[in-house]
Amino acid sequence: EPEVTQTPSHQVTQMGQEVILRCVPISNHLYFYWYRQILGQKVEFLVSFYNNEISEKSEIFDDQFSVERPDGSNFTLKIRSTKLEDSAMYFCASSEALLSGASNNEQFFGPGTRLTVL
Amino acid sequence: ILNVEQSPQSLHVQEGDSTNFTCSFPSSNFYALHWYRWETAKSPEALFVMTLNGDEKKKGRISATLNTKEGYSYLYIKGSQPEDSATYLCAFNSGYSTLTFGKGTMLLVSP
């Protein structure tokens with residue numbers, strides 16, 4: 001069964017360093033998302049991406065964050081200068097469509113990358 | 001700010017017990033309600049996408065109902081098994097691409 005994959009599963013970095021989190025969405029999906037969950041809190045939306053551009057982003061997704069689809073399979077989240085409060089589980093998700101129907105609006109999630117900023 | 005709440009926060013039941021949890025969400029601007037099952041170190045697994053008021057969906061021993069007028073959804077597990085132990089997340093979709101999640105209900109089923 002097709003699935004969303006993410007690498008690495010765990011990333012430890014020093015404050016101020018840049019990190020790139022990688023995702024491979026399901027191959028026929030067109031919409032890509034990043035969410036994060038700070039320990040003990042709700043899963044929060046960061047950004048959605050379609051047709052090589054950001055379609056929506058939350059207040060969390062400030063200038064420190066960027067997303068890219070560098071090739072036909074990968075989808076990346078870059079944090080330019082990490083802060084302690086960026087420590088969280090970062091989930092990538094993909095969906096076949098956006099709004100056109102309940103079943104193909106379903107977002108499929110990867111297993112997450114746990115980012116620890118020291 | 002959209003508020004999605006889930007209760008209880010955690011639940012511990014014995015194998016064979018039936019259980020249910022609640023997700024409450026805004027009753028306005030409703031498009032869809034998603035349920036996910038999330039085991040630690042695994043991907044959250046999509047259980048149901050519900051869109052119509054009065055919807056009832058079933059997958060094996062798990063079922064869900066939806067009331068969009070009053071803004072709640074119930075998830076039921078009949079005859080819980082230890083492998084049902086997981087965090088159950090609901091997420092509200094108002095028609096944009098974002099999902100707004102609740103905090104989840106952590107279920108532990110003891111043999």
Dipole magnitude (debye, nearest 20) for chain B, charges at Cβ of Lys, Arg, Asp, Glu: 180 debye
Label-point gap, in nm, between B:Tyr31 and A:Ser9 - each point 7 angstrom along Cα→Cβ: 3.4 nm
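What GluC sites (Glu not before Pro) in the stretch B:34-111 are in a loop by DSSP, with at most 11 other Cβ atoms within 10 Å of the Cβ? Numbers along the way, then the final one.
Values: sites: B:Glu39, B:Glu45, B:Glu56, B:Glu70, B:Glu83; in loops: B:Glu39, B:Glu70.
Those satisfying the criteria are B:Glu70.
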Using only the Cα atoms of chain A, each taken as one equal point scatterer with no solvent, compute I(q) by the Debye sum, divide by I(0), and report log10 of the ratio at q = 0.10 Å⁻¹. -0.27
Taking every residue in A:45-56, how many Cβ atoms of other protein chains lie within 10 Å of its Cβ, on average? 2
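Expressed as a whole percent, how much of the Cα-Cα distance distribution for chain B exceeds 21 Å? Walk me through the numbers on the way to the answer.
Numbers: 1841 of 6105 pairs.
Percentage above 21 Å: 30.
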Positive dipole terminus of the stretch B:6-57, leading residue within B:His34, B:Leu47, B:Ser7 (C-beta point charges): B:His34
Kindly flag which residue pairs out of A:Lys42/B:Lys42; A:Lys42/B:Lys58; B:Lys57/B:Lys103; A:Lys57/B:Lys58; A:Lys57/B:Lys103 have an alpha-carbon separation exceeding 24 Å in this structure. A:Lys42/B:Lys58; A:Lys57/B:Lys58
Set of aspartates and glutamates near B:Lys78 by C-alpha distance (under 20 Å), chain-local residues within fewer than 8 positions excluded: B:Glu15, B:Asp17, B:Glu39, B:Glu45, B:Asp55, B:Glu56
Give me the dipole magnitude in Debye, nearest 20, for the protein assembly as shown about the Cα centre, with unit charges on the beta carbon: positive for Lys and Arg, negative for Asp and Glu. 180 debye
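The numbers here are math on the coordinates, done by the rules we state, and not lab data. Owing to the predicted nature of the structure, the values given are computational and were not obtained by experimental measurement. As a convention, Cβ positions derive from the backbone with ideal geometry for all residues, glycine included, and neighbour counts pool all protein chains shown.
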